[in-house]
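Novice: Sharing a structure with you now.
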Amino acid sequence: MSQSKREDELDKLNDDQDNSVQTVVETDETETSYEESTETWQEDIYSTESEGALFEPDVNERKRVDYTWTKYAAWGFYPIYSFTLHFAWNYDGDDIWGVDYYAYGDIHANITTWWYYEGVIGEGEDIGDESFEVYSEGEFEFDFPYYQGSKFQQDTPKIRVRGDEMGDWEVLEEGL
């Protein structure tokens with residue numbers, strides 16, 4: 001239904017019905033998930049020593065991870081929104097390079113029609129030779145028109161991760 005029709009219907013609610021609507025859209029459950037992939041390639045390195053040419057294979061890898069933090073409705077099975085940090089880096093057991101990352105938000109389905117993804121509001125990086133940390137913070141707003149445009153709720157989920165020269169990674173911080 002259109003925004004104006006929705007507002008008309010909400011105006012008809014009594015206090016008990018209004019409280020029920022608020023309970024339905026409140027959230028209290030979260031879940032995390034990730035998808036990870038690794039690409040491996042080998043570079044041939046030749047060096048010379050007094051005994052002749054020496055072949056040394058150099059194995060490099062690039063790991064990609066999409067780490068997602070999802071917020072659910074109060075009854076715990078219906079996702080309201082997700083915030084995902086995508087990060088990737090090259091590593092060879094000694095060093096890292098080619099670190100990149102970005103974040104994005106998704107609003108899920110009909111019950112959450114008053115939630116809006118406002119975008120990334122903060123991000124940063126600390127990249128060294130053997131490890132890195134990246135983080136991103138997004139903003140989601142719940143704008144319930146029944147309350148004359150006032151912002152009912154604002155969430156700012158953050159994800160901070162660390163990766164290293166061995167291809168290992170861990171979550172340092174997540175959530176609101």
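Values quoted throughout were computed directly from the atomic coordinates according to the rules given, and no laboratory measurement underlies them. Small disclaimer: the values here were computed from a predicted structure and weren't measured. So basically every Cβ, Gly included, is an ideal-geometry build from the backbone, and we count neighbours across all protein chains shown.
Novice: Which FRET efficiency value, to the nearest 0.05, is calculated for ASP92 and GLU141 with the Förster distance at 41 angstrom and r the Cβ-Cβ distance?
Specialist: Details: r = 43 Å, r/R0 = 1.05.
For R0 = 41 Å, the calculated efficiency reads 0.45.
Novice: Taking K and R as +1 and D and E as -1, what net charge do the other residues with C-beta under 13 Å from the C-beta of GLY122 add up to?
Specialist: Combined, the nearby Lys, Arg, Asp and Glu give -4.
Novice: Could you sort 91-101, 63-73, 132-142 so that the peptide with the highest average Cβ count within 10 Å comes first and the rest follow in order?
Specialist: Ranking, from highest mean packing down: 132-142, 63-73, 91-101.
Novice: Once both labels are modelled 7 Å past Cα along the beta-carbon direction, what's the TYR104-LEU176 spacing in nm?
Specialist: Placing both labels 7 Å along Cα→Cβ, they lie 2.5 nm apart.
Novice: So how far apart, in nm, are the two label points at GLU130 and ASP168 if each is 7 Å from Cα heading toward Cβ?
Specialist: Taking the simple label geometry, GLU130 and ASP168 are separated by 1.2 nm.
Novice: 7 Å from Cα along Cα→Cβ at both VAL120 and ASP8: what's the point-to-point distance in nm?
Specialist: Label-label distance for VAL120 and ASP8, simple model: 4.2 nm.
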